[in-house]
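Below is one structure, written out as C-alpha coordinates, with a few remarks after it.
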Amino acid sequence: LLLGLFSANLFSFADVLLRMTYGATVATNGTTTLRILLLGQGAFTMMGLFGTVLSAVGKERTSVRLNAMALLLMVLLAGSAVRLPFAMYNLELVEVVAAAGSLALVLSLFVFSRALMGEVKEKRAGE
(Lines give C-alpha, C1' and ligand atoms only; values in the text may rest on other atoms or scores of the structure.)
Protein backbone atom coordinates (compact mmCIF):
# COMPACT_ATOMS: atom_id res chain seq x y z
CA LEU A 1 0.00 0.00 0.00
CA LEU A 2 2.77 2.42 0.93
CA LEU A 3 4.70 1.51 -2.20
CA GLY A 4 1.63 2.29 -4.29
CA LEU A 5 1.23 5.68 -2.66
CA PHE A 6 4.92 6.47 -3.10
CA SER A 7 4.94 5.37 -6.74
CA ALA A 8 1.75 7.29 -7.46
CA ASN A 9 3.29 10.49 -6.08
CA LEU A 10 6.46 10.05 -8.09
CA PHE A 11 4.42 9.16 -11.17
CA SER A 12 2.26 12.26 -10.93
CA PHE A 13 5.14 14.62 -10.13
CA ALA A 14 7.71 13.13 -12.52
CA ASP A 15 8.02 16.30 -14.61
CA VAL A 16 8.36 18.52 -11.53
CA LEU A 17 11.04 16.29 -10.02
CA LEU A 18 13.03 16.20 -13.24
CA ARG A 19 12.69 19.96 -13.71
CA MET A 20 13.90 20.65 -10.15
CA THR A 21 16.80 18.24 -10.46
CA TYR A 22 18.02 18.55 -14.05
CA GLY A 23 16.28 21.51 -15.67
CA ALA A 24 13.54 22.13 -18.20
CA THR A 25 15.15 20.34 -21.16
CA VAL A 26 15.54 17.04 -19.34
CA ALA A 27 12.07 17.38 -17.83
CA THR A 28 10.52 17.84 -21.25
CA ASN A 29 12.32 14.88 -22.75
CA GLY A 30 12.48 12.50 -19.79
CA THR A 31 9.07 12.58 -18.11
CA THR A 32 7.62 9.71 -20.12
CA THR A 33 10.72 7.59 -19.58
CA LEU A 34 10.66 8.19 -15.82
CA ARG A 35 6.99 7.24 -15.63
CA ILE A 36 7.63 4.02 -17.55
CA LEU A 37 10.55 3.17 -15.26
CA LEU A 38 8.44 3.87 -12.16
CA LEU A 39 5.92 1.23 -13.26
CA GLY A 40 8.75 -1.26 -13.66
CA GLN A 41 10.22 -0.30 -10.30
CA GLY A 42 6.88 -0.95 -8.61
CA ALA A 43 6.76 -4.41 -10.19
CA PHE A 44 10.36 -5.05 -9.13
CA THR A 45 9.58 -4.15 -5.53
CA MET A 46 6.59 -6.48 -5.46
CA MET A 47 8.76 -9.24 -6.96
CA GLY A 48 11.17 -8.80 -4.06
CA LEU A 49 8.32 -9.12 -1.59
CA PHE A 50 6.93 -12.23 -3.29
CA GLY A 51 10.41 -13.76 -3.48
CA THR A 52 10.87 -13.20 0.24
CA VAL A 53 7.55 -14.90 0.98
CA LEU A 54 8.46 -17.84 -1.26
CA SER A 55 11.76 -18.19 0.59
CA ALA A 56 9.99 -17.99 3.94
CA VAL A 57 7.71 -20.92 3.06
CA GLY A 58 10.67 -23.08 2.05
CA LYS A 59 10.70 -22.51 -1.71
CA GLU A 60 14.10 -20.81 -1.99
CA ARG A 61 15.01 -22.66 -5.17
CA THR A 62 11.79 -21.57 -6.83
CA SER A 63 12.52 -17.98 -5.84
CA VAL A 64 16.05 -18.16 -7.26
CA ARG A 65 14.82 -19.75 -10.49
CA LEU A 66 12.17 -17.07 -10.91
CA ASN A 67 14.72 -14.30 -10.26
CA ALA A 68 17.05 -15.82 -12.85
CA MET A 69 14.15 -15.99 -15.31
CA ALA A 70 13.35 -12.34 -14.62
CA LEU A 71 16.96 -11.35 -15.27
CA LEU A 72 17.08 -13.33 -18.50
CA LEU A 73 13.78 -11.84 -19.65
CA MET A 74 15.04 -8.35 -18.85
CA VAL A 75 18.24 -8.87 -20.83
CA LEU A 76 16.41 -10.41 -23.78
CA LEU A 77 13.66 -7.80 -24.02
CA ALA A 78 15.81 -4.76 -23.35
CA GLY A 79 18.61 -6.07 -25.56
CA SER A 80 16.31 -6.85 -28.45
CA ALA A 81 14.49 -3.52 -28.06
CA VAL A 82 17.69 -1.75 -29.07
CA ARG A 83 17.57 -3.54 -32.41
CA LEU A 84 13.94 -2.83 -33.24
CA PRO A 85 13.60 -0.68 -36.36
CA PHE A 86 10.92 1.59 -34.89
CA ALA A 87 13.14 2.35 -31.91
CA MET A 88 15.16 4.74 -34.01
CA TYR A 89 12.30 6.42 -35.85
CA ASN A 90 9.07 6.64 -33.87
CA LEU A 91 10.15 6.60 -30.26
CA GLU A 92 13.17 7.62 -28.32
CA LEU A 93 15.51 4.69 -27.79
CA VAL A 94 15.57 5.31 -24.05
CA GLU A 95 11.78 5.05 -23.88
CA VAL A 96 11.81 1.79 -25.83
CA VAL A 97 14.41 0.20 -23.58
CA ALA A 98 12.58 1.49 -20.47
CA ALA A 99 9.33 0.02 -21.76
CA ALA A 100 11.01 -3.31 -22.54
CA GLY A 101 12.60 -3.46 -19.10
CA SER A 102 9.37 -2.53 -17.34
CA LEU A 103 7.46 -5.09 -19.40
CA ALA A 104 9.96 -7.75 -18.37
CA LEU A 105 9.49 -6.84 -14.71
CA VAL A 106 5.69 -6.81 -14.96
CA LEU A 107 5.69 -10.22 -16.70
CA SER A 108 8.06 -11.56 -14.05
CA LEU A 109 5.77 -10.21 -11.34
CA PHE A 110 2.91 -12.14 -12.93
CA VAL A 111 4.97 -15.35 -12.84
CA PHE A 112 5.99 -14.70 -9.21
CA SER A 113 2.37 -14.12 -8.22
CA ARG A 114 1.29 -17.35 -9.93
CA ALA A 115 3.99 -19.27 -8.06
CA LEU A 116 2.93 -17.70 -4.78
CA MET A 117 -0.73 -18.48 -5.43
CA GLY A 118 0.24 -22.09 -6.16
CA GLU A 119 2.00 -22.28 -2.80
CA VAL A 120 -0.99 -20.83 -0.99
CA LYS A 121 -3.32 -23.34 -2.65
CA GLU A 122 -0.93 -26.18 -1.82
CA LYS A 123 -0.76 -25.13 1.83
CA ARG A 124 -4.54 -24.87 2.08
CA ALA A 125 -5.03 -28.29 0.47
CA GLY A 126 -2.60 -29.80 3.01
CA GLU A 127 -4.56 -28.52 6.00
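Stretching S55 away from V16 to a fully extended chain increases their span by 10.2 nm, per 0.36 nm per residue minus the current alpha-carbon distance. Taking the chain as a Gaussian network of alpha-carbon nodes connected by springs under 10 Å, the highest mean-square fluctuation of the residues L93, L105, L39 belongs to L93.
The candidates T62, T21, T31, arranged from most to least accessible area with a 1.4 Å probe in the full protein assembly, appear as T21, T62, T31. Note on N29 and S80: the extension gain reaches 16.1 nm, defined as 0.36 nm multiplied by sequence separation minus the Cα-Cα distance. Picking from S7, L38, V64, whose Cα lies most toward the positive end of the charge dipole for the chain (charges on Cβ: Lys, Arg +1; Asp, Glu -1)? Positive-most Cα among the choices belongs to V64.
Report, in debye and to the nearest 20, how large the dipole of the chain comes out about its Cα centre when Lys and Arg carry +1 and Asp and Glu carry -1 on their Cβ. It works out to roughly 280 debye.
By its C-alpha gyration tensor, with a ≥ b ≥ c as the square roots of the eigenvalues, how is the stretch 30-84 shaped: rounded for a/c under 1.5, else prolate for a/b larger than b/c, else oblate?
Cα axes put the stretch 30-84 in the oblate bin.
Our coupling estimate for the stretch 97-114, obtained by passing each phi through the Karplus curve with A = 6.51, B = -1.76, C = 1.60 and θ = phi - 60°, is 5, 4, 5, 5, x, 5, 4, 4, 5, 5, 5, 5, 4, 4, 5, 4, 5, 5 Hz, Gly and Pro reported as x.
Taking a ≥ b ≥ c as the square roots of the eigenvalues of the alpha-carbon gyration tensor, the chain is classed oblate because a/c is 1.5 or more while a/b is no larger than b/c.
Compared with the direct C-alpha span, the chain from N67 to K121 gains 17.3 nm at full extension, assuming 0.36 nm per residue.
Ranking S7, S63 from most to least accessible surface, computed with a 1.4 Å probe over the protein chains only, gives S7, S63.
The values are calculated or read from the model by the stated rules, or taken from the named source; none is laboratory data. In this text, all values refer to a predicted model and were calculated from it rather than measured experimentally. Heads up, the Cβs are rebuilt from the backbone with ideal geometry, glycines too, and the neighbour counts pull from every protein chain shown. Protein only, heavy atoms only, side chains kept; ligands, DNA and RNA dropped before computing areas. Shrake-Rupley method; radii C 1.70, N 1.55, O 1.52, S 1.80 Å.
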